[in-house]
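Since the structure comes first, as structure tokens, the remarks are kept for the end.
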């Protein structure tokens with residue numbers, strides 16, 4: 001049995017980049033939702049969590065419309081990088097990021113809201129800026145929960161299928177992630193390859209969940 005491991009390595013790369021991007025965007029959105037009052041806050045909150053309830057094919061269609069070659073964003077990307085975004089591995093990153101970011105926002109917001117705010121008030125009274133309070137006080141106090149959600153976001157990005165196949169496609173050795181490769185192997189009747197890939201991704205998922213649970217279970221010293 002010969003197995004092409006490219007989908008697994010591509011999935012790991014896509015998940016890693018998507019996790020970093022979703023963490024940056026998610027922390028910023030979580031901070032806004034946890035610490036700021038502004039008009040349209042509930043609309044933003046609903047929009048952030050929307051990817052959790054919409055079918056992946058719907059999300060994929062939205063991305064195709066938003067990032068396709070005929071859209072302003074798609075044309076801007078093609079002008080900057082010289083190639084369309086859709087049906088590339090970078091599109092798979094966008095797909096994975098779309099599914100991981102809501103998870104980061106919800107969990108990071110809860111973590112930031114659970115921080116003892118007396119430390120933040122003390123830092124402000126000592127003249128620290130809001131930016132410094134966030135990076136030097138709030139984020140370190142919530143670090144275990146943030147690290148745990150980062151691990152979970154990686155796992156979520158690793159297993160994305162519906163959005164990925166809509167916007168990145170199923171191009172062997174180019175955009176075929178492990179979830180898509182499993183589907184492809186099953187459709188082709190290649191049960192040995194499908195079982196091996198399922199076993200590998202399942203072991204990875206269990207390991208990732210173990211790490212996340214350990215991070216959440218550990219208490220600060």
Within the stretch 55-62, does at least one residue satisfy the condition of being loosely packed, with under 12 Cβ neighbours inside 10 Å, assigned to a loop (DSSP other than H, G, I, E, B) and in contact (Cβ under 8 Å) with a residue 40 or more places away in the chain?
yes
Identity of the residue in the stretch 155-199, touching a residue at least 24 places away in the same chain (Cβ under 8 Å) and loosely packed, with under 15 Cβ neighbours inside 10 Å, that ends up nearest to the chain's Cα centre (by Cα):
174
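Could you look through the stretch 74-93, keep only residues that are exposed (fewer than 12 other Cβ atoms within 10 Å of the Cβ) and touching a helix residue (DSSP H, G or I) at 6+ places or on another chain (Cβ under 9 Å), and pick out the one that is nearest to residue 22 (Cα to Cα)? Can you show your working first?
Initially, the stretch 74-93 is screened for residues exposed (fewer than 12 other Cβ atoms within 10 Å of the Cβ), giving 79-83.
Subsequent filtering for residues that are touching a helix residue (DSSP H, G or I) at 6+ places or on another chain (Cβ under 9 Å) retains 81, 83.
Working: 81: 22, 83: 23 Å.
Result: 81.
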If residue 65 satisfies all but one of (1) surrounded by fewer than 17 Cβ atoms within 10 Å (Cβ to Cβ); (2) under 20 Å from residue 168 (Cβ atoms); (3) touching a helix residue (DSSP H, G or I) at 6+ places or on another chain (Cβ under 7 Å), what's the number of the condition it fails?
(3)
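With the requirement that a residue be crowded, with 16+ Cβ neighbours inside 10 Å and either free of Cβ contacts under 8 Å to residues at least 12 places away in the same chain or within 30 Å of residue 202 (Cβ to Cβ) (or both), what does the stretch 118-138 give you?
Taking the stretch 118-138 first, the residues crowded, with 16+ Cβ neighbours inside 10 Å are 120, 123, 128, 133-134, 137-138.
Matches in the stretch 118-138: 128 only.
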Subset of the stretch 99-115, residues at pLDDT 90 or above, buried (at least 22 other Cβ atoms within 10 Å of the Cβ) and under 21 Å from residue 65 (Cα atoms), comes to 100, 101
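Filter the stretch 68-109 down to the residues that are more than 17 Å from the chain's Cα centre (by Cα) and in a helix (DSSP H, G or I) and list them by number. Walk me through it before giving the result.
Let us first name the residues in the stretch 68-109 that are more than 17 Å from the chain's Cα centre (by Cα), namely 68-88.
72, 73, 74, 75, 76, 77, 78, 79, 80, 81, listed by residue number.
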Across (1) in contact (Cβ under 8 Å) with a residue 12 or more places away in the chain; (2) more than 21 Å from residue 213 (Cβ to Cβ); (3) assigned to a helix (DSSP H, G or I), residue 115 clears everything bar (3)
Considering each residue of the stretch 143-169, count those that are modelled with pLDDT of 90 or more and not in a helix (DSSP H, G or I), and give that number.
1
Taking residue 176 as meeting all but one of (1) at pLDDT 90 or above; (2) part of a helix (DSSP H, G or I), write down the number of the exception.
(2)
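The values are calculated or read from the model by the stated rules, or taken from the named source; none is laboratory data. Everything numeric in this text was worked out from a predicted model, so none of it was measured. For neighbour counting, all protein chains shown are included, and Cβ atoms are generated from backbone atoms with ideal geometry for every residue, glycine included.
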